[in-house]
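The values are calculated or read from the model by the stated rules, or taken from the named source; none is laboratory data. Just so you know, these numbers come straight off a predicted model, no measurement behind them. Positions of Cβ are generated from backbone atoms using ideal geometry, with glycine treated the same way; all protein chains shown enter the neighbour counts. For the accessible areas, the whole protein counts, side chains as well, though only heavy atoms, and no ligand, DNA or RNA atoms are used. Shrake-Rupley method; radii C 1.70, N 1.55, O 1.52, S 1.80 Å.
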Amino acid sequence: AAMKDLMFILPYQAGTLAQLTGALSEAGVNLHGCSGQQFGPEGIIHLLVEDAAGAREAAARAGFVVRGEHDVIVADIEDRPGALAALLAPLAEAGIDVNLTYLATRSRLVIGVDDVDQARAAMRPAQRQ
C-alpha cells in the first residue's frame, strides 16, 4: 500500500505529541515513521502512515488538524557508511529536489519530492527490486 506523510503543526509543549500519537494508536493507526522539529513556539511533526483517512479522522476527533498530506517514497536503506549518499545520488543527478527526509521503522528512509513518479523512475536503476 502507498505510504502517506501527514504533517501537523503543534504547540511546542510537553505531552502534545504523546496526545496525538496516542489518539492514532487508539484508532489502530500504525505509525511507520515520525519526525519532529521545534520551530519557534510550535513543532512541525511528520508522521508516516498507510491509512491516511483513518489517521486524519482519529486526529480530528482528538482536536488535531492535518496541515499537509503527501505521497512519499519509502526506500529500504542499509545501516552502513555511504548508504544515504548512494540512495540520494540518482535524485541529485536527475536534478530532483528532496524536500523531506526522515527514517522510518525497519531501516527505511522516507523521501519527499514534488513529483514522486519522476523520482521513482530516477531511482529505479539503482534499486535491486
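Assess whether LEU103 counts as being part of a helix (DSSP H, G or I) and at pLDDT 95 or above. Taking the combined requirement at face value, the residue does not satisfy it. Kindly indicate which of VAL74, VAL66 is touching a Lys or Arg at 6+ places or on another chain (Cβ under 8 Å), in contact (Cβ under 8 Å) with a residue 40 or more places away in the chain, part of a loop (DSSP other than H, G, I, E, B) and open to solvent by less than 70 Å² (accessible area, probe 1.4 Å). The unique qualifying residue is VAL66.
Applying the selection to the stretch 32-61, what residues are touching a residue at least 40 places away in the same chain (Cβ under 8 Å) and open to solvent by 50 Å² or more (accessible area, probe 1.4 Å)? The answer is CYS34, GLU50, ARG56.
Take ALA27 and decide whether it is out of contact with any Pro (no Cβ under 6 Å at 6 or more places or on another chain), under 28 Å from PRO125 (Cβ atoms), open to solvent by less than 70 Å² (accessible area, probe 1.4 Å) and in contact (Cβ under 8 Å) with a residue 12 or more places away in the chain. When the stated conditions are applied, ALA27 does not pass them.
Would you check which residues across the stretch 77-88 are outside any loop (DSSP other than H, G, I, E, B) and open to solvent by 60 Å² or more (accessible area, probe 1.4 Å) and list them? If the condition is that a residue be outside any loop (DSSP other than H, G, I, E, B) and open to solvent by 60 Å² or more (accessible area, probe 1.4 Å), then LEU84, ALA85 are the ones that fit.
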